[in-house]
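Quick notes on the structure that follows.
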């Protein structure tokens, strides 16, 4: 059930990032049309593009953690015995979850700090930009933490078999 919810959440993030990318392309088309055809440049496009890029990148990063396509150096892990590899993978999941929690906490502080400052041309609080960081941190915490917990529970059921093989 939790895995189903996390998969639905992953799809929602991917959809939101994709929709933001489509809006970004359309708005830049409008910018070029306005600048060269109408001779009137829409000033809001550049600021909205900066905002959209934040959401595209951070939601994409969270999806990458869920799909395990994030950057990782596996050389050290791959040369270890199977049991140690499993322990390291679980450790990496929890380290990613801790990083997500730190992003969430720092993002909340940034949102509180920037609430009174307005984004130029858009006239919305600066906190809408840092909401991308905050949501990404929360999503990474959920995705990596749930996967680490799941792997830990499976590993614990696997440990007695390992101990019996050594005897």
Quiz item: Looking at residue 49, is it assigned to a helix (DSSP H, G or I), within 21 Å of residue 14 (Cα to Cα) and without any contact (Cβ under 8 Å) to a residue 40 or more places away in the chain?
Solution: yes
Quiz item: under 18 Å from residue 100 (Cβ atoms), touching a helix residue (DSSP H, G or I) at 6+ places or on another chain (Cβ under 7 Å) and either at pLDDT 90 or above or not in a helix (DSSP H, G or I) (or both), is that true of residue 16?
Solution: yes
Quiz item: With respect to residue 125, is the statement that it is free of Cβ contacts under 8 Å to residues at least 12 places away in the same chain and surrounded by 16 or more Cβ atoms within 10 Å (Cβ to Cβ) true?
Solution: yes
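To keep it simple, each residue is scored yes or no on (1) under 27 Å from residue 20 (Cα atoms); (2) exposed (fewer than 15 other Cβ atoms within 10 Å of the Cβ); (3) at pLDDT below 90.
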residue	(1), (2), (3)
68	yes, yes, yes
75	no, yes, yes
97	yes, no, no
100	yes, no, no
105	yes, yes, no
131	yes, no, no
136	yes, no, no
142	yes, no, no
154	no, yes, yes
Quiz item: Is there any pair linking a residue in segment 7-22 that is free of Cβ contacts under 8 Å to residues at least 40 places away in the same chain to one that is part of a helix (DSSP H, G or I) and surrounded by 13 or more Cβ atoms within 10 Å (Cβ to Cβ), with Cβ under 8 Å and at least six apart or on different chains, and which?
Solution: 20/52; 20/55; 20/56; 20/59; 21/52; 21/56
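The values are calculated or read from the model by the stated rules, or taken from the named source; none is laboratory data. Note that the structure is a prediction, hence the values are computed from the model and not measured. Note: ideal-geometry Cβ built from the backbone for every residue, glycine included; neighbour counts use all protein chains shown.
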